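Have a look at the structure below before the remarks.
The values are calculated or read from the model by the stated rules, or taken from the named source; none is laboratory data. It should be emphasised that the depicted structure is a prediction, and the values quoted were computed from it without experimental measurement. Because the Cβ atoms are built from the backbone with ideal geometry, glycine has one as well, and the counts that use them run over all protein chains shown. Accessible surface is based on the protein model in full, side chains and every heavy atom, while ligands, DNA and RNA are left aside. Shrake-Rupley method; radii C 1.70, N 1.55, O 1.52, S 1.80 Å.
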Amino acid sequence: MSLNYIKNFYEGCVKPPTVIGQFHTLFFGSVRMFFLGVLGFAVYGNEALHFSCDPDKREVNLFCYNQFRPITPQVFWALQLVIVLVPGAIFHLYAACKSINQECILKKPIYTVTYILSVLLRISLEVIAFWLQIHLFGFQVKPLYLCDAESLGKKMSTIKCMVPEHFEKTIFLIAMYTFTVITMVLCVAEVFEIIFRRLCFLFRQ
C-alpha cells in the first residue's frame, strides 16, 4: 500500500464527509478514550486487590471476584471502542484504495449508501454493547456482593464480599452509559445529515 493510500485512509478516518461525523470522531477519539484510559484505570485499576470476602482467603477472594467480574469493565469497554471503530475503518480503507474522496461519497449513490450502512452497523454494535453492559454490570454497583461458593466445598454456600469504591464505580457506569447513548444519537444524526446533503446535491443538479 503506497503512502498516498495511507494518507487518504488517515484523512478519511479523521475527517468524515459530515460535520457531525467529524464531531463524533473528536468526541470518540479524545473524550471517551481519555475518560476510559485515565479515569477508568484510577477507578478499576486495583479492584481485584481490594476485593475482600469473609473468610478473607486468597483463593476465596479470587473465586468470588471472578464470579463478580466475568470480564473486567476496562477490557469490555476497550473491546467496545475497537469493535465500533471497525465498520468506519473498513469503509475508509476501501475508499482510500479506490481513491474515493469525501465529495464522491456525497455525489455517487453507491458510496452514499455504503457509508450510511457503515454508520448503521456502528449503531447496531453500540446497541449490542449497551445491552451487554446492562447484562454484565447493571446500573449500580452495590457495596456487598453475595458469592455462590458451593463449588468450593465450603460449609457456607453463600459468602459475603465487600466491593471497594462502589459509589465511584456506579458514577463511572452511568458515565459510560451516557457516552454510549450520546454516540448512538450522533450516529443517527450523521445518517440524517448525509441524506440531507445528498438531497441538496441532487436538487442543485
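Being in contact (Cβ under 8 Å) with a residue 60 or more places away in the chain, under 19 Å from VAL84 (Cβ atoms) and loosely packed, with under 15 Cβ neighbours inside 10 Å narrows it down to one residue among VAL188, VAL181; which is it?
Details: VAL181 fails: in contact (Cβ under 8 Å) with a residue 60 or more places away in the chain.
Step by step, each of VAL188, VAL181 is checked, and only VAL188 is in contact (Cβ under 8 Å) with a residue 60 or more places away in the chain, under 19 Å from VAL84 (Cβ atoms) and loosely packed, with under 15 Cβ neighbours inside 10 Å.
Just the residues that are within 12 Å of ASP54 (Cα to Cα) and touching a Phe, Trp or Tyr at 6+ places or on another chain (Cβ under 8 Å), please, taken from the range 139-162.
TYR145, CYS147, ALA149, LYS160, CYS161, MET162
This table checks each residue for (1) surrounded by 14 or more Cβ atoms within 10 Å (Cβ to Cβ); (2) in a helix (DSSP H, G or I).
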{"residue": "ILE71", "(1), (2)": "no, no"}
{"residue": "ALA78", "(1), (2)": "yes, yes"}
{"residue": "ALA95", "(1), (2)": "yes, yes"}
{"residue": "ILE100", "(1), (2)": "yes, no"}
{"residue": "LEU106", "(1), (2)": "yes, yes"}
{"residue": "ILE110", "(1), (2)": "no, yes"}
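In the range 19-69, how many residues are of a type in the set (S, T, N, Q), surrounded by 15 or more Cβ atoms within 10 Å (Cβ to Cβ) and free of Cβ contacts under 8 Å to residues at least 60 places away in the same chain? I'd like the intermediate steps shown before the answer.
Here is the first cut: in the range 19-69, the ones of a type in the set (S, T, N, Q) are 22, 25, 30, 46, 52, 61, 66-67.
Now narrow it down to the ones that are surrounded by 15 or more Cβ atoms within 10 Å (Cβ to Cβ): 25, 52, 61, 67.
Subsequent filtering for residues that are free of Cβ contacts under 8 Å to residues at least 60 places away in the same chain retains 25.
The total comes to 1.
Take the conditions among the charged types (D, E, K, R) and within 17 Å of the chain's Cα centre (by Cα) and apply them to ARG32. Does it pass?
Numbers: among the charged types (D, E, K, R): yes; within 17 Å of the chain's Cα centre (by Cα): yes.
It is true that ARG32 is among the charged types (D, E, K, R) and within 17 Å of the chain's Cα centre (by Cα).
Does VAL119 fit the bill of being farther than 10 Å from CYS187 by Cβ and either of a type outside the set (Asp, Glu) or touching a Phe, Trp or Tyr at 6+ places or on another chain (Cβ under 6 Å) (or both)? Lay out the reasoning, then the answer.
Values: farther than 10 Å from CYS187 by Cβ: no; either of a type outside the set (Asp, Glu) or touching a Phe, Trp or Tyr at 6+ places or on another chain (Cβ under 6 Å) (or both): yes.
So VAL119 fails the test.
Under 9 Å between Cβ atoms, which residue pairs at least 6 apart in sequence (or on different chains) link something in the range 90-102 that is within 12 Å of TYR115 (Cα to Cα) and touching a residue at least 12 places away in the same chain (Cβ under 8 Å) with a partner that is loosely packed, with under 15 Cβ neighbours inside 10 Å and aliphatic (A, V, I, L, M)?
Filtered contacts from the range 90-102: PHE91/LEU117.
Does at least one position in the range 58-66 carry a residue that is touching a strand residue (DSSP E or B) at 6+ places or on another chain (Cβ under 6 Å) and not in a helix (DSSP H, G or I)? I'd like the intermediate steps shown before the answer.
Let us first name the residues in the range 58-66 that are touching a strand residue (DSSP E or B) at 6+ places or on another chain (Cβ under 6 Å), namely 60-61, 64.
Among the residues that remain, those that are also not in a helix (DSSP H, G or I) are: none.
Taking every residue of the range 58-66 in turn, none turns out to be touching a strand residue (DSSP E or B) at 6+ places or on another chain (Cβ under 6 Å) and not in a helix (DSSP H, G or I).
Within the range 113-166, take every residue that is under 27 Å from TYR44 (Cβ atoms), among the aromatic types (Phe, Trp, Tyr) and modelled with pLDDT under 90 and give me the one that is surrounded by the fewest Cβ atoms within 10 Å (Cβ to Cβ).
For the range 113-166, the residue satisfying everything is PHE139.
Scanning for something modelled with pLDDT under 75 and part of a helix (DSSP H, G or I), does the range 29-50 turn up at least one residue?
yes
Check ILE171 against each of (1) within 30 Å of GLU59 (Cα to Cα); (2) open to solvent by less than 40 Å² (accessible area, probe 1.4 Å); (3) β-branched (Val, Ile, Thr) and name the one condition it does not meet.
With (1) within 30 Å of GLU59 (Cα to Cα); (2) open to solvent by less than 40 Å² (accessible area, probe 1.4 Å); (3) β-branched (Val, Ile, Thr) applied to ILE171, the lone miss is (2).
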